[in-house]
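Input: a single structure, listed below in structure tokens.
The values are calculated or read from the model by the stated rules, or taken from the named source; none is laboratory data. Nothing here was measured: the structure is a model prediction, and the numbers come from that model. Please note: Cβ atoms are built from the backbone with ideal geometry, for glycine as well, and neighbour counts cover all protein chains shown. We work out accessible area using only protein heavy atoms, side chains counted, and drop any ligands, DNA or RNA first. Shrake-Rupley method; radii C 1.70, N 1.55, O 1.52, S 1.80 Å.
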Amino acid sequence: MAILPTRAIEPPVRADQERIADMLRQIAEIGADPTAGISRVGFSKDERDAHELVGGWLRNLGLAISVDPIGNTMAVRRGAAENKPAIAFGSHLDSVVHGGKFDGIVGVVAMVEVMTLLAEGRAATEHPLKGMIFACEEGARFGEPCIGSKAIAGMLTEADLTRIRDAEGITLEQAMSGIGLNPLQLADVRWNRDDLAAFLEVHIEQGRILEGESRPIGLVDVVSGSTRLRMTVAGRAGHTGGTPMQHRADALAAAAEITLAVEALANGPTYRGTRATVGVLDVYPNRITTIPGRVDMRLDVRDFDSDRLRRAAREIADRARIIADRRGVAIDAEVIADTSPVVLSMWLRQALSQVCGELGIDWRFMPSGAGHDAQIMASIAPAAIIFVPSKDGASHVPEEWTSVADIAKGADVLYQAILRIDDVLAAS
Ligand SMILES: [Zn+2]
């Protein structure tokens, strides 16, 4: 699709760095952890308080605020034309335990700043604009990320509400009900895809590529997919003194060899770029005088190419079987999660790169190894992710930091992109 630059970039409109700094400071007061960083976990009172704080700012701009039954907060700015699908943008306000002040927050603050600039300039758009604050994006508490956006995209089922639990055994449904939400109305959360024209998210990079290149903006082209395996290695437990080495079936020694084989596969030429990690080894009985009889392993494979991703996972399972056979232990492997990579909208990327060029902002295309709400929203509409730099690549730690100047650049790009997208869609 051709991009038609019908509305010129308006140089005087620029994000206000002081306002951005002030918003970040106020949000960081909610869920500040006395031990370290921010602990504003999904479906907690702190998360609700943060939604209410930001929702209040948006209400003061004259926007219509609503909270859906599972806690996604939305701010709608009416479009000039009737019955047009919305252009939505935003991110999340929950954090991991001992997390930072920027992951998710930056995208919400950029959204508020853009809504503020639009209100100040009385700029009209043909399409309605929807400022989004998604509930419970982080997978840290429930093991499942992007709960709010998945519900909107119709990717969360009623069965998930009782199946998915946190470490304390609290189900999603209990957690939501406990803070006054209405998970039983899940069906009402889902959006009709005809109501959404595009979704954009500003987010911190959570890596060090932009910082290393002194570039303020990254436009994400593809988001990594992930295949997760559980492997159980069953050997024979026995006395460490009484069992000669040649009579053993040591499950941990086999698991260790498999772990090194996983690393070697991802380091080899065939799978260059694939990331494969054994993150969990549970050893039984885990005693110093007993040969390990069983090891439960869990591993995560990530790639930007879905065929290569699944081929790598299959090859890992095959190599593990060969190692297990040679060592005389049994092995059982199963896929426990499988998410395809997502290629983000080409025409939105093109529009964003044009806007960056016109604003004189240095940018690059880049992949995202981490998952985001935008990748979920991409299942119902064209979606885009605008990365801003992370100092030292730090993320999910208290040291997370991005300069207000860079966040302002992200907001500038978002502002101009929304006007550009509105024009392109109106003209087509
Ligand atoms: Zn995030």
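Things to note:
- Residues of the stretch 31-62 that are touching a residue at least 12 places away in the same chain (Cβ under 8 Å), of a type in the set (A, V, I, L, M, F, W, C) and either open to solvent by 20 Å² or more (accessible area, probe 1.4 Å) or not assigned by TED's automatic domain parsing to the domain that holds Phe102 (or both): Ala36, Val41, Leu53, Trp57, Leu61.
- Of all residues making up the stretch 207-252, the number that are closer than 30 Å to Gly107 by Cα and not acidic (Asp, Glu): 19
- Residue-level analysis places Ala337 outside the set of residues that are small (Gly, Ala, Ser) and either surrounded by 19 or more Cβ atoms within 10 Å (Cβ to Cβ) or in a helix (DSSP H, G or I) (or both).
- Test: residue in the stretch 265-274 that is modelled with pLDDT of 95 or more and basic (Lys, Arg): no
- Answer residue from the stretch 151-172, given it is assigned to a helix (DSSP H, G or I) and surrounded by fewer than 20 Cβ atoms within 10 Å (Cβ to Cβ) and is nearest to the chain's Cα centre (by Cα) among those: Asp160
- Residue in the stretch 179-195 that is in the same structural domain as Arg420 (by TED's automatic domain parsing), among the β-branched types (Val, Ile, Thr), open to solvent by 60 Å² or more (accessible area, probe 1.4 Å) and within 30 Å of Gly225 (Cβ to Cβ) present: no
- Screening the stretch 115-129 for residues that are in a loop (DSSP other than H, G, I, E, B) and open to solvent by 10 Å² or more (accessible area, probe 1.4 Å) and picking the one that is nearest to the ligand (Cβ to nearest atom) gives Pro128.
- Residues satisfying the stated conditions in the stretch 263-307, i.e. open to solvent by 80 Å² or more (accessible area, probe 1.4 Å) and in a strand (DSSP E or B): Arg275, Tyr284, Arg294, Arg298
- Per the conditions (1) within 30 Å of Arg302 (Cα to Cα); (2) surrounded by fewer than 18 Cβ atoms within 10 Å (Cβ to Cβ), the sole criterion not satisfied by Gly360 is (1).
- Pick from the stretch 67-98, criterion open to solvent by less than 10 Å² (accessible area, probe 1.4 Å) and of a type in the set (Val, Ile, Thr), ranking: farthest from the chain's Cα centre (by Cα): Ile87
- Each residue in the stretch 81-114 was checked for being among the charged types (D, E, K, R) and more than 10 Å from the ligand (Cβ to nearest atom), and 4 pass.
- So Phe142, is it part of a loop (DSSP other than H, G, I, E, B), within 16 Å of the ligand (Cβ to nearest atom) and either open to solvent by 10 Å² or more (accessible area, probe 1.4 Å) or closer than 18 Å to Asp373 by Cβ (or both): yes
- For Ala378, the conditions (1) of a type outside the set (Lys, Arg); (2) surrounded by fewer than 21 Cβ atoms within 10 Å (Cβ to Cβ); (3) assigned by TED's automatic domain parsing to the domain that holds Trp191 all hold with the exception of (2).
- Qualifying residue in the stretch 359-371 (condition: within 13 Å of the chain's Cα centre (by Cα), among the hydroxyl-bearing types (Ser, Thr, Tyr) and either within 16 Å of the ligand (Cβ to nearest atom) or assigned to a loop (DSSP other than H, G, I, E, B) (or both)): yes
- Failed item in (1) open to solvent by less than 50 Å² (accessible area, probe 1.4 Å); (2) outside the structural domain of Cys356 (by TED's automatic domain parsing); (3) among the hydrophobic types (A, V, I, L, M, F, W, C), with Leu260 passing the rest: (1)
- Yes/no for Glu205 being of a type in the set (Asp, Glu) and more than 16 Å from the ligand (Cβ to nearest atom): no
- Filtering the stretch 220-255 to residues that are part of a loop (DSSP other than H, G, I, E, B) and open to solvent by 50 Å² or more (accessible area, probe 1.4 Å) leaves Ala237, Thr240, Gly241, Gly242, Pro244, Arg248.
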